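J.: Pasting a structure below so you can have a look.
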Amino acid sequence: MNKYLKAIILTIIAGVVFAGCTAGGGNDSSADDLKEVKLGYPIGANDFIDGVGGLALELGYLEEELEKEGFKLNSQGFTGAGPAVNEALASGNIDFALYADFPGIVIQSRGIDTRLISIVNTQGHAGIVVGDDSGIESVADLKGKKIAYPRGTFIQKYLLQALEEYGLSEADVELINMTTDAEAALVSGDVDAIAYTDGVIANLAFEKNIGKIINTSRENDDWTGAFVLIGRSDFIDGNEKAATAFLRAFIRAKEYAVENPQSAYEIFAEKSRISIETAEYLYGSDDGAFEFFSLEIEPLGLDKVSSNKDFLINEGLIQNDFDVYQWGDNSYYEEANR
């Protein structure tokens with residue numbers, strides 16, 4: 001009788017030990033234990049986040065840093081650009097948004113409680129491309145011409161500033177709000193020029209060879225935009241470590257780019273389906289220092305975002321003012337650097 005009882009007890013103990021090993025999977029938490037963090041960002045022809053965010057995702061840093069803090073990443077690109085990302089953020093379908101500061105300003109002005117946790121890039125560039133045989137050589141030659149551009153973006157601000165610099169006003173040209181069909185309109189001659197982001201302009205001129213660049217925001221740093229990471233305050237409260245994990249991943253990606261600039265250009269080229277030369281044009285403005293990947297929320301970046309907010313108000317694109325300097329919270333960057 002004791003022999004059989006002893007065998008039963010040993011069997012139970014073995015089963016408990018086995019169950020504990022298989023359920024625990026060692027020291028690492030299982031995927032089911034990780035809390036989902038949803039990141040949204042605008043995409044074009046390629047499902048790739050531009051800049052340091054894309055680099056952090058491609059190198060696996062975002063997943064690694066989030067998992068260290070008990071989170072798993074769910075990233076989603078939106079073809080509807082900033083407005084589509086804002087809709088998802090406002091409805092709670094995403095927790096963080098990585099995009100230009102203009103849509104971030106718009107959603108905050110609408111009363112959606114968000115937090116600016118990183119100014120990812122302080123030199124978001126734009127440019128103007130025209131047809132090769134257009135006879136247009138400079139911005140001054142755009143008088144009386146049709147220009148396609150995306151309204152309500154930092155490109156609109158850049159375009160108006162560039163026109164003013166060359167002695168033109170909005171009344172001197174015909175501005176056409178256009179996004180998806182701009183390339184076809186230029187090729188067909190329905191418009192004479194396109195003002196758009198640096199990446200789009202470079203792709204048209206250098207990759208597709210259907211136009212030439214006559215101006216970019218590289219002429220004047222005041223014409224550049226900013227790119228930001230914002231998050232829903234109701235998610236960040238209680239999940240502060242997720243915000244810090246994003247910053248740690250971005251810091252690692254910037255360090256990688258500085259130490260391996262050629263490799264970074266190759267990643268940008270492959271994921272964006274452009275040549276190495278075009279990638280170097282887009283990202284090599286400071287010879288591989290990548291200082292424009294600022295990450296920190298500091299006075300220069302806040303001044304730029306605040307100036308862009310004032311532009312949106314003056315143009316009637318937003319109605320409600322707010323304090324950009326109170327919106328930004330640099331504590332996550334500071335914590336990530338400890």
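Please treat every number below as a calculation from the coordinates, not as lab data. This structure is a prediction, so every number in the text was calculated from the model and none was measured. For neighbour counting, all protein chains shown are included, and Cβ atoms are generated from backbone atoms with ideal geometry for every residue, glycine included.
J.: Could you give the size of the charge dipole of the chain about its Cα centre, using +1 on the Cβ of each K and R and -1 on the Cβ of each D and E, expressed in debye and rounded to the nearest 20?
T.: 1460 debye
J.: Please list, ordered by chain and number, the residues whose modelled amide H lies under 5 Å from the amide H of VAL120; skip anything fewer than 5 residues away on the same chain.
T.: Residues meeting the amide H criterion: PHE227, VAL228, LEU229, LEU295.
J.: Please list, ordered by chain and number, the residues whose modelled amide H lies under 5 Å from the amide H of PHE71; skip anything fewer than 5 residues away on the same chain.
T.: Placed amide hydrogens put LYS35 under 5 Å from PHE71.
J.: Right, another one. Setting aside same-chain residues fewer than 8 positions from LYS72, which lysines have a Cα under 21 Å from its Cα?
T.: Of all the lysines, those that pass the test against LYS72 - Cα under 21 Å, at least 8 places apart if same chain - are LYS35, LYS38, LYS241.
J.: Find which of ILE201, VAL139, ALA182 sits farthest along the positive direction of the dipole of the stretch 126-223, computed with +1 on the beta-carbon of Lys and Arg, -1 on that of Asp and Glu, about the Cα centre.
T.: Of the candidates, ALA182 comes out farthest on the positive side.
J.: Which ³J(HN,Hα) values, rounded to whole Hz and listed in residue order, are derived for the stretch 176-188 from phi using the Karplus coefficients 6.51, -1.76 and 1.60 in 6.51 cos²θ - 1.76 cosθ + 1.60 with θ = phi - 60°, glycine and proline given as x?
T.: These are the phi-based 3J(HN,Hα) values: 10, 5, 8, 10, 5, 9, 5, 4, 4, 5, 5, 5, 7 Hz.
J.: Can you work out the base-10 log of I(q)/I(0) for the stretch 167-311 at q = 0.12, 0.16, 0.18, 0.22 1/Å, using the Debye formula on its C-alpha atoms alone?
T.: -0.70, -1.13, -1.27, -1.42
J.: Next question. Arrange the peptides 33-43, 132-142, 219-229 so that the one whose residues have, on average, the most other Cβ atoms within 10 Å appears first.
T.: On the way: 33-43: 18.0, 132-142: 15.5, 219-229: 20.2.
Answer by packing, highest mean first, reads 219-229, 33-43, 132-142.
J.: Can you tell me which of THR244, THR122, THR180 moves the most in a GNM of the chain? Springs connect C-alpha atoms under 10 Å apart.
T.: THR180
J.: Moving on to the next point. Per residue of the stretch 210-224, in order, report the coupling 6.51 cos²θ - 1.76 cosθ + 1.60 (Karplus, θ = phi - 60°) as ³J(HN,Hα) in whole Hz, putting x for Gly and Pro.
T.: Once θ is set to phi - 60°, the couplings for the stretch 210-224 become 10, x, 10, 7, 10, 6, 9, 5, 5, 5, 8, 4, 5, 8, 7 Hz.
J.: Continuing with the same structure: What number, rounded to the nearest 500 deg cm²/dmol, is the helix-based mean residue ellipticity at 222 nm of the chain, given -39500 (n - 2.57) per DSSP H run of at least four residues and division by all its residues?
T.: That calculation yields -13500 deg cm²/dmol at 222 nm.
J.: Which ³J(HN,Hα) values in Hz, rounded to whole numbers, follow from the phi angles of the stretch 295-301 under the Karplus curve 6.51 cos²θ - 1.76 cosθ + 1.60, where θ = phi - 60° and Gly and Pro get x?
T.: The phi angles translate into 6, 6, 8, 10, x, 4, x Hz.
J.: Please give the net charge around SER263, taking every other residue with its beta carbon less than 15 angstrom from that of SER263, where Lys and Arg add +1 and Asp and Glu add -1.
T.: Counting the neighbours of SER263, the net charge comes to -3.
J.: So, by mean Cβ neighbours within 10 angstrom, what's the order for 245-253, 161-169 with the highest one leading?
T.: The densest-packed peptide leads the list: 245-253, 161-169.
J.: Excluding residues fewer than 8 places away in the same chain, name every one of the lysines whose C-alpha is closer than 21 Å to that of LYS309.
T.: Correct list for LYS309: LYS157.
J.: Does the stretch 126-223 come out rounded, prolate or oblate by the C-alpha gyration tensor, with a ≥ b ≥ c the root eigenvalues, rounded set by a/c under 1.5 and, if not, prolate when a/b is larger than b/c and oblate if not?
T.: Verdict is rounded for the stretch 126-223.
J.: For a quick check: with amide H placed at 1.01 Å from N, whose amide H comes under 5 Å from HIS125's, ignoring anything fewer than 5 positions away on the same chain?
T.: Correct list: ASP198, GLY225.
J.: Please report how far the C-alpha centroid of the stretch 171-201 lies from that of the stretch 56-84, rounded to the nearest whole angstrom.
T.: Going from one Cα centre to the other spans 32 Å.
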